[in-house]
Amino acid sequence: MNAMKPPKIVPFKSNECMSKELVEKLLEQGKNYGINAVYPFSVEKIILAEWVHLKCRYGCSKYNTSWCCPPATPRPEKVRKIIDEYTTALLLVGSKHCPDFYRDNQRKRSLQVRCWRGTVGMERLLFLEGYYKAFSLVGECCALCKECAYPEDCRFPQEKRPSVESFSIDVIGTLRNLGRSANVASDTNATYNYYGLILVE
Ligand code: SF4
């Protein structure tokens, strides 16, 4: 007769450094979704700026069309308070080759959804490891539906997360603060990076 395996019980974490093993486990999972690097860092390095919100309001076609973009997402002053409740975050980096970047087609959506699911999956893994505050901010706008249901009810509320930019985070400034360079892909044939964040604890 097989002895029943005891269930794995993980204590909730509080201000503990993330182990190298866990970072590797996250990366292993992320690779299935096009995320090639995971960097833990202090939230003090995150740069928030009002001008990011301005760029969402003026010049972005997604403004007022998605649950994951302004004005549905928190305003900069609220974001500051949220980030103050954390000490550690993870930067997720992936690379994409997408000649359809400026198009709104299925091929582009599939790539977006892949990274999106990978990011939310890593948040779930962190929760199961005891990081109960983990919360993802995903790169680009939500593409889970061909057309967002906003302002009607979201069709996938469990997977809905704000985009990094909607949180007024200066992504380029934050990358520089972390000693990482970021380039503009000026050619649609170039490979460009995906950046997601997870607020951890
Ligand atoms: S899951 Fe669908 S309805 Fe919900 S925010 Fe994303 S695109 Fe909009």
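The values are calculated or read from the model by the stated rules, or taken from the named source; none is laboratory data. As the structure is a prediction and not an experimental result, all values here were calculated from the model. A quick note on method: Cβ atoms are made from the backbone with ideal geometry, for glycine too, and the neighbour counts reach across all protein chains shown.
Considering (1) modelled with pLDDT under 95; (2) within 23 Å of N177 (Cα to Cα); (3) not aliphatic (A, V, I, L, M), the lone condition that E85 does not fulfil carries the number (1). When restricted to residues that are at pLDDT 90 or above and surrounded by fewer than 18 Cβ atoms within 10 Å (Cβ to Cβ), region 94-113 contains 1.
Among the residues of region 4-50, the one identified as in contact with a Lys or Arg (Cβ under 7 Å, 6 or more places away or on another chain) and not in a loop (DSSP other than H, G, I, E, B) is L48. More than 11 Å from the chain's Cα centre (by Cα), hydroxyl-bearing (S, T, Y) and within 16 Å of the ligand (Cβ to nearest atom): does that describe Y132? For Y132, the condition - more than 11 Å from the chain's Cα centre (by Cα), hydroxyl-bearing (S, T, Y) and within 16 Å of the ligand (Cβ to nearest atom) - is not met. Within region 148-201, being of a type in the set (F, W, Y), within 16 Å of the ligand (Cβ to nearest atom) and not in a loop (DSSP other than H, G, I, E, B) holds for one residue alone: F167.
The residue pairs whose first member lies in region 138-155 and is without any contact (Cβ under 8 Å) to a residue 60 or more places away in the chain, whose second member is more than 8 Å from the ligand (Cβ to nearest atom) and among the aliphatic types (A, V, I, L, M), and whose beta carbons are closer than 7 Å, counting only pairs six or more residues apart or on different chains, are G139/V164; A143/V113; L144/V113.
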